[in-house]
Amino acid sequence: MTLVSVLADIYEIRQWNADGLPRDAVSIENAVLVTKGRRWPLMIDPQEQANRWIRNREALNKLKIIKLSNSNFLRTLEACIIAGLPVLMEDVGEALDPALEPVLLKQTFIQVTFFYYN
């Protein structure tokens with residue numbers, strides 16, 4: 001029994017491959033971790049294989065691609081979290097903006113504003 005056989009089925013793996021995921025065992029194991037894990041994945045991707053796979057996989061879900069160098073990345077990220085849209089952050093580098101900590105730790109919530117009237 002393997003991680004892949006327990007957490008993924010052949011049809012899901014075939015769809016991943018159709019979306020551009022390489023067919024090697026390491027890529028498939030990493031895809032299982034990305035799709036089944038509870039935490040947001042941080043992918044070191046020098047060949048941009050994971051980037052292409054995520055772009056193809058989430059294209060129909062209105063994937064938003066942002067870079068930390070964009071001046072409005074936090075607003076875009078917040079809007080995507082509120083709307084439940086997927087986000088791909090590119091060119092993250094070694095140092096993360098401290099404002100990302102609650103997002104990476106999944107410590108986000110939506111505060112509902114109530115309107116009262118007489």
Quiz item: How high is the relative contact order of the chain, in percent, with contacts defined as C-alpha pairs under 8 Å that are six or more residues apart?
Solution: 21
Quiz item: In nm, to one decimal, how far is the modelled label at SER69 from the one at LEU7, with both set 7 Å along Cα→Cβ?
Solution: 3.3
Exercise. Please say if segment 1-61 is rounded, prolate or oblate, where rounded means a/c under 1.5 for a ≥ b ≥ c the square roots of the C-alpha gyration tensor eigenvalues, and otherwise the choice is prolate for a/b larger than b/c and oblate otherwise?
Key: rounded
Exercise. Take every Cα pair under 8 Å in segment 1-61 that's 6+ residues apart, average their separations, divide by the length, and report that relative contact order as a whole percent.
Key: 39
Quiz item: Length gain on complete extension for the stretch LEU96 to ALA59, per 0.36 nm per residue less the alpha carbon to alpha carbon distance?
Solution: 10.8 nm
Quiz item: Using a simple charge model, +1 on the beta-carbon of Lys and Arg, -1 on the beta-carbon of Asp and Glu, nothing else, what dipole does segment 1-61 show about its Cα centre, in debye to the nearest 20?
Solution: 140
Quiz prompt | Cross-link partners of LYS36 among lysines (Cα-Cα below 21 Å; sequence separation of 8 or more within a chain) | solution = LYS62, LYS64, LYS106
Quiz item: On alpha-carbon atoms, Rg over Rh for the chain using Kirkwood Rh?
Solution: 1.04
Quiz item: Roughly how many debye, to the nearest 20, is the charge dipole of the chain about its Cα centre, given +1 on each Lys and Arg Cβ, -1 on each Asp and Glu Cβ, and no other charges?
Solution: 340
Quiz item: Once the piece of chain linking LEU88 and ASN17 is laid out straight, how much longer is it, given 0.36 nm per residue of separation minus the C-alpha distance between them?
Solution: 23.6 nm
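Here, each number is a calculation from the coordinates, and none is a lab measurement. For clarity, every value in this text was computed on a predicted model and none was experimentally measured. For neighbour counting, all protein chains shown are included, and Cβ atoms are generated from backbone atoms with ideal geometry for every residue, glycine included.
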